[in-house]
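The values are calculated or read from the model by the stated rules, or taken from the named source; none is laboratory data. Just so you know, these numbers come straight off a predicted model, no measurement behind them. Note that each Cβ is placed from the backbone with ideal geometry, even for glycine, and that neighbours are counted across all protein chains shown.
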Amino acid sequence: MNDDGAAPRCEGGRFFEFIEFVGFIVGEFIGLIRFISKKPKKPNTPKELASEDGVTHGKTIERGEVRREVLRLALPVTVSNLLHRMVTAIDILLVGGLGAPAVAAVGLGQLLVFISMTVVWGLSTGTMVAVAQRWGADRRAEAGRIAVHGLVATLILTVPLAAAGMAFAAEAAGLLGAQLPVQLLVQEYCRWVFLAFPATAVVHVLTSTMHGAGDTRTPMRIYVIMNLFHISLAVPLIYGYLDLPALGVQGAAIAVASAEVLGVLLLWWQGWAKGHLAKGGWELAYIRPVFHIGWPVAMDRMIWQAGQVVYAKILLLYGTAAFATHQLGVNVEALSFMPGLAIGVAAATVVGQSVGRGDVIRARLGMVEANRLGILFMGGMGVLFFLFPGPLLQLFTSDSQLIRLGEVFLRIAALSQIPLAVTLVLQGALRGAGDTPYILGVTILGIWGVRIPLAAAAAWWGLGVAYVWWAFLIDWVARMVLMQRRCRSSRWERKDLEITPIALDPVAGDR
């Protein structure tokens with residue numbers, strides 16, 4: 001195969017492809033409008049009332065009210081996601097002046113941390129959903145006890161991972177193909193970032209706790225402080241300014257670790273100040289809902305990452321240019337899917353709190369409005385990707401070969417934006433309802449039943465790299481269909497956590 005990953009599709013006929021794309025968007029909108037606007041046969045059925053303005057607990061719930069709530073939650077999460085992504089991007093940027101080995105070492109170190117975060121994502125999601133449902137049921141002290149138990153469990157599980165990362169980072173980098181000089185730099189970097197790994201994990205769980213309580217602004221403000229602190233510390237530590245020693249890669253790691261510790265202190269302080277955390281002794285009943293929701297999420301992330309590794313290996317068969325184009329395209333696509341992820345978090349909070357108060361109508365309206373916002377934003381970004389792929393790619397690279405091949409990627413990615421939006425938002429909503437085992441099944445089917453087989457078949461038959469990219473589009477369409485079917489049904493309504501009140505200490509009470 002050619003190193004440029006020659007793609008036989010998406011060349012020429014752009015007008016007709018655009019017409020096809022517009023038709024795809026219109027078709028998806030029609031299908032979703034039918035879903036969310038279906039006329040109720042029995043006006044007194046809560047499930048069907050949710051397709052229009054609902055009436056619940058004696059009051060009318062307006063679509064606009066729920067939409068504003070989703071936006072209020074999603075916008076700060078979007079900023080937080082971008083700020084969190086900036087930490088890793090800034091590290092790569094700052095060590096760029098130290099040479100390729102330093103850049104590779106920091107990138108590999110970040111990858112090892114990312115892999116180790118699998119367990120944390122399960123705990124953070126489990127904590128967020130359990131907290132959201134208790135806040136919805138107006139049992140805030142119970143939610144605070146669950147959050148503290150989730151934090152203790154996070155520390156117990158991440159301390160051994162931190163020790164392993166500090167001890168075996170170089171060996172892990174070697175298994176990933178790093179040469180000895182890079183391995184030594186990875187060890188240097190990971191010694192500090194894994195020392196602070198429990199703090200990194202606690203930051204995620206505390207953030208999820210606040211998201212579950214509907215407080216997305218506090219983490220956003222603290223992430224701003226963390227980023228400013230990180231930059232102010234990283235520059236002098238890496239290059240030796242302000243009479244500090246030039247520590248290079250080690251300086252970058254110290255800056256990251258210090259920022260994470262600062263984040264823990266600030267989030268911990270705000271968690272107690274705002275009533276998101278509550279005192280009490282250790283009881284198994286408080287940690288059980290976290291693991292009940294969280295284990296499928298952890299498995300989901302592990303299976304997804306394994307699939308991504310295999311998919312990357314298939315792309316590498318087409319040469320370095322094809323793989324680099326894919327990575328470049330994903331960075332451009334992040335402009336769309338990061339806000340989509342934030343809307344998914346907002347949907348999880350709205351649905352979780354609604355389920356907690358037994359308000360299925362509001363939960364369904366939350367799904368509907370979050371879905372609309374996701375489609376509106378990501379569908380609009382899809383149009384930009386399709387019409388202006390070149391200018392967008394030129395923001396990230398000046399390599400003409402990568403831009404030419406990247407235009408193919410972005411046009412295929414444009415077609416995936418609506419399926420991706422629906423999947424991200426509805427899986428967030430289903431997580432809020434506690435239906436994480438179903439999402440795990442959809443992930444397994446999508447990545448291992450659709451994407452990997454189709455991509456492998458394209459490579460086996462010698463087709464261009466564009467066909468490998470078409471595989472991810474088909475994957476997202478399949479997941480979208482499955483998510484929609486689940487949300488149309490009433491099965492997720494029975495997947496909420498057991499929210500029978502847990503006995504509290506007499507002094508703790510509830511608010």
(message) Let me confirm something: among Gly462, Gly428, Gly432, which residue is under 21 Å from Ala321 (Cα atoms) and at pLDDT below 95?
(response) Gly462
(message) Looking at (1) of a type in the set (A, V, I, L, M); (2) assigned by the TED database to the domain that holds Leu112; (3) surrounded by 17 or more Cβ atoms within 10 Å (Cβ to Cβ), which one does Ala246 not meet, given that it meets all the others?
(response) (3)
(message) I'd like the residue in region 317-333 that is at pLDDT below 80 and surrounded by fewer than 17 Cβ atoms within 10 Å (Cβ to Cβ) and, out of all such residues, is nearest to Ala457 (Cα to Cα).
(response) Thr320
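Would you mind finding the one in Val368, Val345, Val330, Val350 that is aliphatic (A, V, I, L, M) and either closer than 27 Å to Arg404 by Cβ or not in a helix (DSSP H, G or I) (or both)?
Values: Val368 fails: either closer than 27 Å to Arg404 by Cβ or not in a helix (DSSP H, G or I) (or both); Val345 fails: either closer than 27 Å to Arg404 by Cβ or not in a helix (DSSP H, G or I) (or both); Val350 fails: either closer than 27 Å to Arg404 by Cβ or not in a helix (DSSP H, G or I) (or both).
Answer to the selection: Val330.
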(message) Looking at Ala74, Ala89, Ala104 in this structure, which one is touching a Pro at 6+ places or on another chain (Cβ under 9 Å) and assigned by the TED database to the domain that holds Tyr223?
(response) Ala74
(request) Please find, among Ala169, Ala173, the residue that is surrounded by 24 or more Cβ atoms within 10 Å (Cβ to Cβ), modelled with pLDDT of 85 or more and more than 24 Å from Gly214 (Cα to Cα). (result) Ala169
(request) Please state which one of Glu171, Glu142 is among the acidic types (Asp, Glu) and either over 30 Å from His276 (Cα atoms) or under 23 Å from the mean Cα position of the chain (by Cα) (or both). (result) Glu171
(request) Would you be able to say whether some residue in region 190-206 is buried (at least 16 other Cβ atoms within 10 Å of the Cβ), under 27 Å from Leu73 (Cα atoms) and among the polar types (S, T, N, Q)? (result) yes
(request) Specify the residue that is farthest from Leu94 (Cα to Cα); the eligible residues are those in region 232-262 that are in contact with a Leu (Cβ under 7 Å, 6 or more places away or on another chain) and without any contact (Cβ under 8 Å) to a residue 24 or more places away in the chain. (result) Leu244
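One line per residue, one yes/no per condition, for (1) farther than 25 Å from Thr118 by Cβ; (2) of a type in the set (Phe, Trp, Tyr):
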| residue | (1), (2) |
| --- | --- |
| Leu184 | yes, no |
| Glu188 | no, no |
| Phe194 | no, yes |
| Gly214 | yes, no |
| His230 | no, no |
| Gln250 | yes, no |
| Lys274 | yes, no |
(message) When the residues of region 127-166 are narrowed to those that are over 16 Å from Gly281 (Cα atoms) and touching a Pro at 6+ places or on another chain (Cβ under 7 Å), which ends up surrounded by the most Cβ atoms within 10 Å (Cβ to Cβ)?
(response) Ala130
(message) Test of understanding: among Gly307, Gly271, which residue is closer than 30 Å to Asn371 by Cβ and either touching a Lys or Arg at 6+ places or on another chain (Cβ under 6 Å) or crowded, with 18+ Cβ neighbours inside 10 Å (or both)?
(response) Gly307
(request) Please name all residue pairs, on different chains or six or more residues apart, with Cβ atoms under 7 Å, provided the first residue is in region 208-226 and is buried (at least 21 other Cβ atoms within 10 Å of the Cβ) and the second residue is charged (D, E, K, R). (result) Asp215/Lys274; Thr218/Lys274
(message) Of the residues Leu233, Leu335, Leu315, only one is within 20 Å of the chain's Cα centre (by Cα), of a type in the set (A, V, I, L, M, F, W, C) and assigned to a helix (DSSP H, G or I); which?
(response) Leu335
(message) Quick check on this structure: which one of Phe168, Phe194, Phe229 is more than 30 Å from Val355 (Cα to Cα) and either touching a residue at least 40 places away in the same chain (Cβ under 8 Å) or not assigned by the TED database to the domain that holds Leu98 (or both)?
(response) Phe194
